[in-house]
Amino acid sequence: MFVCCTIKNEEEEPVVEVQEEEEVVVVEEEEEQEQEVTYKLPNIDLNNWKVTLPIGNPTEVKPPEILNYGTNEILKPFFYNDSINGALVFYTYPGSSTANSSYSRTELREQMVPGSNSTNWTFSQGGNMKGTLSMDEVSKDSNGKYHRTIIMQIHGRLTNAQRDLIGENDNNAPPMLKIYWNYGYIRVKTKKLKDINVSNVDILKTDSWTDDEGYNFSKYVGFDKFTLEVKVANGRMEVILNDEESVVYDNIHIHKWNVFENYFKAGNYLSTIDAGAFAKVKYYSLQVTH
């Protein structure tokens, strides 16, 4: 505040003029710093996959509907993104099962032609499936052991002509390959003929085949991320873990398997009907080539 005094003469009282200092208001503009949104998406193209859920009869979602899984209310509880880690989560529990199984699944089924099960491939034609995945959560049985789940498959399929030839009412054929998350290890199961001299007709029947002894990879994966690759070419099958350890199948059983068409499967096929059981499998990437 400034004060000025002016005196005109001795008889006059001084006139005091008061000038108020202009108040200067400084407004500090707060710069809004945009928070960088960071999220990751799985490297999975769903255009050639349908998914089976542990609900309904069971419920299946095919392309193109599966592509909108992030907003699909049916899929969201079982099939959703972990955008922090860039994974697609497959959640399942004992519920609805398919006609040829008592177990439930949240599992992808390859469709070479989107929306159709009719176009498949043979072992002579070959195919390759590679995925990076991890077990996120899994329940334990009454003995305190983790439940097992199937994370990859190659499944056989009868053509319509083969189905009719052996009098079946569907196109189901045995699975040639099942890969398990087995108490923290990776276990591989394949099929073998009960009789290698089986006829060309009887070879199509499920009861002509039985499980092999299985193969256990030595590495313990536990709940860590790992990579699995399945290579089929010229009637030969190879399963590779982490690009380090592999098992090769190149025998009479694999060669005779060429009679069937096949398709890849990937996801979470829980091998128990225990009450309260569940599993969550995360896939970070999944690619199939032919």
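The values are calculated or read from the model by the stated rules, or taken from the named source; none is laboratory data. If you're wondering where the values come from, they're calculated on a predicted model, not measured in any experiment. We place every Cβ from the backbone using ideal geometry, glycine too, and count neighbours over all the protein chains shown.
Given the residues 152, 112, which is the only one that is within 30 Å of residue 236 (Cα to Cα), surrounded by 19 or more Cβ atoms within 10 Å (Cβ to Cβ) and out of contact with any Pro (no Cβ under 8 Å at 6 or more places or on another chain)?
152
Can you confirm whether the range 127-149 contains a residue that is outside any strand (DSSP E or B), of a type outside the set (A, V, I, L, M, F, W, C) and within 17 Å of residue 55 (Cα to Cα)?
no
Go through the range 157-185 and report how many residues are assigned to a loop (DSSP other than H, G, I, E, B) and closer than 15 Å to residue 263 by Cβ.
4
Collect the residues in the range 123-149 that are surrounded by fewer than 21 Cβ atoms within 10 Å (Cβ to Cβ), under 16 Å from residue 104 (Cα atoms) and among the polar types (S, T, N, Q), keeping them in residue-number order.
139, the sole residue that qualifies.
Only residues that are surrounded by 19 or more Cβ atoms within 10 Å (Cβ to Cβ) and over 22 Å from the mean Cα position of the chain (by Cα): list them for the range 178-202, please.
Matches in the range 178-202: 191 only.
Is the range 239-247 home to any residue that is hydrophobic (A, V, I, L, M, F, W, C), assigned to a helix (DSSP H, G or I) and without any contact (Cβ under 8 Å) to a residue 60 or more places away in the chain? Can you show your working first?
To start, the set of residues in the range 239-247 that are hydrophobic (A, V, I, L, M, F, W, C) comprises 239-241, 247.
Within this subset, residues satisfying the condition of being assigned to a helix (DSSP H, G or I) are none.
Within the range 239-247 (the criterion being hydrophobic (A, V, I, L, M, F, W, C), assigned to a helix (DSSP H, G or I) and without any contact (Cβ under 8 Å) to a residue 60 or more places away in the chain), the answer is no, since none of the residues qualifies.
Restricting attention to the range 262-276, which residues are under 22 Å from residue 116 (Cβ atoms) and either assigned to a loop (DSSP other than H, G, I, E, B) or of a type in the set (D, E, K, R) (or both)?
Across the range 262-276, the qualifying residue is only 265.
Under 12 Å from the mean Cα position of the chain (by Cα) and closer than 23 Å to residue 150 by Cβ, is that true of residue 123?
no
Is it the case that the range 223-245 has a residue that's surrounded by 13 or more Cβ atoms within 10 Å (Cβ to Cβ) and among the small types (Gly, Ala, Ser)?
Yes.
One residue is enough: does the range 212-228 have a residue meeting the conditions hydrophobic (A, V, I, L, M, F, W, C) and within 24 Å of residue 98 (Cβ to Cβ)?
The answer is yes; a qualifying residue exists.
Pairs under 6 Å by beta carbon, first residue on the phi > 0 side of the Ramachandran plot in the range 251-272, partner at pLDDT 95 or above, six or more apart or different chains?
As it stands, the answer is 267/90; 267/106; 267/107; 267/108, since those pairs meet every condition given.
For the condition of a type in the set (D, E, K, R), within 19 Å of residue 287 (Cα to Cα) and more than 13 Å from the chain's Cα centre (by Cα), what is the one hit in 140, 145, 62?
After ruling out the rest, the residue left standing is 62.
Looking only at residues in the range 55-94 that are at negative phi and of a type in the set (Gly, Ala, Ser), which one is surrounded by the fewest Cβ atoms within 10 Å (Cβ to Cβ)?
Here the answer is 70.
Are any of the residues in the range 215-231 outside any strand (DSSP E or B) and among the polar types (S, T, N, Q)?
No, the conditions are met nowhere in the range 215-231.
I need the full set of residues from the range 53-94 which are farther than 18 Å from residue 278 by Cα, touching a Phe, Trp or Tyr at 6+ places or on another chain (Cβ under 9 Å) and either without any contact (Cβ under 8 Å) to a residue 24 or more places away in the chain or aliphatic (A, V, I, L, M) (or both), in order please.
61, 66, 69, 70, 72, 84, 87
In the range 119-139, how many residues are touching an Asp or Glu at 6+ places or on another chain (Cβ under 9 Å) and more than 28 Å from residue 41 (Cα to Cα)?
4
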